[in-house]
Amino acid sequence: MGAIVVCLDSLRDFVESGRYYKFGLNTKQLGFLRDKIKAHQSKVGARRMEWAEQGVVGIFEGYRIFEDDMEGLKVFLSEIGLLPILCEVEWSVLSQEEQEQMKQWMVFQPTLVRFTANKDQKCDNDMLHEYEDKVSKLEITKLVDLWLSKKMENDLLVEQWKTIKHSLNKQLPAPNTYHFDFGTVSCSNSDPLVSGVNLYKQLGKDIVMKYGQVDMSRLPAYMARGFISKCDLKKFRKVIDIRLKYTLMQIVAEQRRREYYQKHIGKLLMQPLN
């Protein structure tokens, strides 16, 4: 009980100190500043634009939208013996009889926690519009300066909020609702999952084919080891659109991202296959 009181007190302090309100306001202001900087860079026609003095870079990157033939992919993975390994199944899609048979193998998921603030804790639109009118007149370097200082301030608030949310997820029992003078915390149970391997062992291949959802994030590890090739996957993925994404970040973050990608293949090769 003491741990619950501590995490709820942390939430109260975050809200009543004004940090929750500041967090919401900053997030919207950051979005506005980013859009103004993006519009400037788009007008200039630069794919990559760097503001060295502020240590900030803006990048336009193309990304593909795929249409996946999931049924075809499942048949292919089944033929090479990987379907049960790469599948998970949502508890809710199983029949009552199937759930009863799989009870001892279900994997529980974290509690879902949602905080709804009272109206006085939500962003004041008039204040936001006043801010937008004021900064719209600034030159691009001033906009970048503002974005950077506001981002650094907001990064601290994001980390604090993540810590509080993690504590709430870990400590609060579900289902339950907590009412406070500053807002409401609602806790609900998440549906458990069942691994494709356990489902295959207990109920057979047809059930996995029927209910299994391929975890696409796990495919690269098997591709890195040579179990699956890019050509194999191309048969089940069709590019239906190419869109443009804009990223505004600190240059050090861009460097970290580049280093992460360079190390990623090595990690995939070391990742246990299960």
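The values are calculated or read from the model by the stated rules, or taken from the named source; none is laboratory data. Remember, predicted model here, so these are calculated numbers, not experimental data. Counting neighbours? That spans all protein chains shown, and the Cβs are built from the backbone with ideal geometry, glycine included.
The table for this structure:
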| read-out | value |
| --- | --- |
| Among (1) out of contact with any helix residue (DSSP H, G or I) (no Cβ under 8 Å at 6 or more places or on another chain); (2) free of Cβ contacts under 8 Å to residues at least 24 places away in the same chain; (3) surrounded by 12 or more Cβ atoms within 10 Å (Cβ to Cβ) - the single one MET49 does not satisfy | (1) |
| Near pairs, Cβ below 7 angstrom, 6+ apart or cross-chain, from the stretch 86-114 (of a type in the set (Ser, Thr, Tyr)) to any residue that is part of a helix (DSSP H, G or I) | THR111/ASN169 |
| The listed residue being more than 26 Å from the chain's Cα centre (by Cα), of a type outside the set (D, E, K, R) and not in a helix (DSSP H, G or I), out of GLN101, GLN109, GLN54, GLN41 | GLN54 |
| Residues of the stretch 112-127 satisfying the condition of being loosely packed, with under 15 Cβ neighbours inside 10 Å and outside any loop (DSSP other than H, G, I, E, B) | LEU112, ARG114, THR116, LYS119, ASP120, ASN125, ASP126, MET127 |
| Residue check, LEU148 touching a Gly at 6+ places or on another chain (Cβ under 9 Å) and of a type in the set (A, V, I, L, M) | yes |
| Evaluation of THR184 against (1) out of contact with any Pro (no Cβ under 6 Å at 6 or more places or on another chain); (2) surrounded by 14 or more Cβ atoms within 10 Å (Cβ to Cβ) (one fails), failing number | (2) |
| Scope the stretch 52-71; condition closer than 30 Å to MET209 by Cβ, in contact (Cβ under 8 Å) with a residue 60 or more places away in the chain and out of contact with any Lys or Arg (no Cβ under 7 Å at 6 or more places or on another chain); matching residues | ARG64, ASP69, MET70 |
| Qualifying position, being of a type outside the set (S, T, N, Q) and farther than 28 Å from VAL252 by Cβ, among GLU50, GLU90 | GLU90 |
| Hits in the stretch 147-174 - residues which are modelled with pLDDT under 90 and either in a loop (DSSP other than H, G, I, E, B) or of a type in the set (Phe, Trp, Tyr) (or both) | LEU172, PRO173, ALA174 |
| Exclusive hit being farther than 15 Å from GLY81 by Cα and surrounded by 11 or more Cβ atoms within 10 Å (Cβ to Cβ), set LYS205, LYS201, LYS238 | LYS238 |
| Which listed residue, of LEU82, LEU86, is in contact with a strand residue (DSSP E or B) (Cβ under 6 Å, 6 or more places away or on another chain), farther than 28 Å from THR163 by Cα and surrounded by 13 or more Cβ atoms within 10 Å (Cβ to Cβ) | LEU86 |
| Candidates SER149, SER136, filtered to the one that is farther than 30 Å from ASP68 by Cβ and touching a Lys or Arg at 6+ places or on another chain (Cβ under 8 Å) | SER136 |
| Any pair with Cβ under 6 angstrom, 6 or more apart, that starts in the stretch 182-201 at a residue that is under 12 Å from THR111 (Cβ atoms) and ends at one that is among the β-branched types (Val, Ile, Thr) and surrounded by 15 or more Cβ atoms within 10 Å (Cβ to Cβ) | CYS187/THR111; CYS187/VAL113 |
| Which listed residue, of GLY55, GLY18, GLY81, GLY31, is at positive phi, small (Gly, Ala, Ser) and at pLDDT 95 or above | GLY55 |
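Let's see how each residue does on (1) under 30 Å from VAL194 (Cβ atoms); (2) in contact with an Asp or Glu (Cβ under 8 Å, 6 or more places away or on another chain); (3) of a type outside the set (Gly, Ala, Ser):
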position	(1), (2), (3)
MET102	yes, no, yes
ALA117	no, no, no
LYS122	no, no, yes
ASP126	no, no, yes
LYS137	no, no, yes
